[in-house]
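Presented below is the structure to which this report refers.
The values are calculated or read from the model by the stated rules, or taken from the named source; none is laboratory data. Treat the numbers as computed from the prediction; the structure is a model and nothing was measured. Methodologically, a virtual Cβ is constructed for each residue, glycine included, from the backbone with ideal geometry; neighbour enumeration extends over all protein chains shown. We work out accessible area using only protein heavy atoms, side chains counted, and drop any ligands, DNA or RNA first. Shrake-Rupley method; radii C 1.70, N 1.55, O 1.52, S 1.80 Å.
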Amino acid sequence: MKSKVYFTKEITPEKVVEMYRKLNINLPGKVACKLHSGEKGNQNFLRPEFWKPMVESVNGTIVECNTAYGKAFEGVRDYTDEHWKLMDFHGWSKLYTVDIMDENGPDDDLILQIPNGKILKSNRVGAHIANYDSMLVLAHFKGHPMGGYGGALKQLSIGCASREGKALIHSGGQSRDNIQAWKVHAEQDHFCEAMADAASSVVKYFENKIAFINVMKNLSVDCDCTAVAEDPCMKDIGILSSLDPVAIDQACMDLIYAAKDDPGQGHFIERVESRHGIHTIEAAAALGFGSREYELIEI
């Protein structure tokens, strides 16, 4: 049976809630809302006000983890103190309960096993993930300087990984150190496969208690983690929702390829293809926690 992916061209905070309700799922207990809070200086991330009706409707907590790139790439979110300051500066702490899930450091990481992983056999995630009963992944779909694109699978993998977990993904399991990892960075396809491995562990952890929304807005070739990002090159496309993280990312990419009249399409596709972005989707499908075959239901 094909996975269902719901799609609307209308992009409003209220429409996000409607698209979630189309999934006919009630996320139980304490809900972790995983999104991208934006690097300092980034102009493209979706602001706290945009997500407010959705987060409030599930009484969710905004969850994030420290990064692994830090000051070498002009970022400030790799250590907890600076990360908290930025959460305040961007307004997340004013509107929501916020949780930096690995704020207590690597000794506190939760380790999820990946017995069938192609590159990684375990994944280090922020320890506080254990405080949640379910997860709502609120992805801003856009390009990415290393992964080609960022969507649901990236939020599950890099997004939920602790700082040391991110280092392991980027290095293909060679190093937990957020400085050393960049010196031994994995070959590109292995990096994509490591992201898929890590994503699979989070989906398994929240089995049947996880949902996905991708918003195709502010379509820059750069991620919200980029301090100096390119402005969006494509027109906004819409909102998608699904219970399948592989299907929703595949559907987003298919919508990008279908946007032949958009003058920025070629630039966006070049970013994805030059980084083998589709291979993350291929690797995730091969692991069996989602399908590239889907039914697109337009609302």
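Could you check how much of the accessible area of the chain is carbon and sulfur, as a whole percent, using a 1.4 Å probe?
Working: 5700 of 11790 Å².
Carbon with sulfur: 48 percent of the solvent-accessible area.
Classify the range 18-169 from the C-alpha gyration tensor, please: rounded if a/c falls under 1.5, else prolate or oblate depending on whether a/b exceeds b/c.
rounded
Lys235 versus Ile179, label points 7 Å from Cα toward the beta carbon: distance in nm?
Modelled inter-label distance: 4.9 nm.
Okay, which of the range 100-121 sit inside 17 Å, backbone N to the point 7 Å along the Cα-Cβ direction of Ala286?
In the range 100-121, the label zone of Ala286 (backbone N under 17 Å from the point 7 Å along Cα→Cβ) covers 114-121.
Any idea what the relative contact order of the chain is, in percent, if you count C-alpha pairs under 8 Å spaced at least 6 apart?
Reported as a whole number, the value is 26 percent.
Could you order the peptides 265-275, 157-167, 58-68 from most to least packed, using the average number of other C-beta atoms within 10 Å per residue?
On the way: 265-275: 16.8, 157-167: 27.7, 58-68: 22.5.
The densest-packed peptide leads the list: 157-167, 58-68, 265-275.
Most mobile of Pro145, Pro53, Pro263 per a Gaussian network model of the chain (Cα springs, under 10 Å)?
Most flexible of the set in this elastic network: Pro263.
Label 7 Å along Cα→Cβ of Lys204; the range 265-299 residues with amide nitrogen under 17 Å?
283-291
Whose amide H sits under 5 Å from the amide H of Tyr149, counting only residues 5 or more places off or on another chain, with H placed in the peptide plane?
His144
Using a Cα-Cα cut-off of under 20 Å, which lysines could be cross-linked to Lys40, ignoring same-chain neighbours fewer than 8 residues away?
Lys71, Lys85, Lys94, Lys142, Lys154, Lys166, Lys217
Which order, highest average first, do 127-133, 91-97 follow once you tally other Cβ atoms within 10 Å for each residue and take the mean per peptide?
On the way: 127-133: 17.4, 91-97: 15.4.
Result, highest mean Cβ count within 10 Å first: 127-133, 91-97.
In square angstrom, what is the accessible area per residue of the chain with a 1.4 angstrom probe?
Accessible area per residue, the chain: 39 Å².
Based on alpha-carbon centroids, what's the gap between the range 1-73 and the range 227-299 in Å, whole number please?
When both Cα centres are located, 17 Å separates them.
If you average the sequence gap of Cα pairs under 8 Å that are 6 or more apart and divide by the length of the range 11-60, what percent do you get for the contact order?
56 percent
Which residues in the range 259-299 have a backbone N closer than 19 Å to a point placed 7 Å from the Cα of Lys22 along the Cα-to-Cβ line?
259, 291-299
Can you tell me which of 237-247, 26-36 comes out highest on packing, and rank the rest after it, using the mean Cβ neighbours within 10 Å?
Per-residue mean Cβ counts within 10 Å order the peptides as 237-247, 26-36.
If contacts are Cα pairs under 8 angstrom and at least 6 residues apart, what is the relative contact order of the range 149-299 in percent?
25 percent
Based on the alpha-carbon gyration tensor of the range 196-260, what equivalent-ellipsoid semi-axes (square roots of 5 times the eigenvalues) come out, in whole Å, largest first?
Numbers: eigenvalues 123, 49, 19 Å².
Three semi-axes, in Å: 25, 16, 10.
Between [x] 21.2; [y] 18.6; [z] 20.4, which matches Kirkwood radius over Cα pairs in Å calculated for the structure shown?
Matching the structure shown: [y].
What number, rounded to the nearest 500 deg cm²/dmol, is the helix-based mean residue ellipticity at 222 nm of the chain, given -39500 (n - 2.57) per DSSP H run of at least four residues and division by all its residues?
Details: 10 runs with 99 residues, N = 299.
After summing the helix terms and dividing by the residues of the chain, the value is -9500 deg cm²/dmol.
Give me the distance in nm between label points sitting 7 Å out from Cα along the Cα-to-Cβ direction at Glu49 and Glu273, one decimal.
Result for the modelled spin labels: 3.9 nm.
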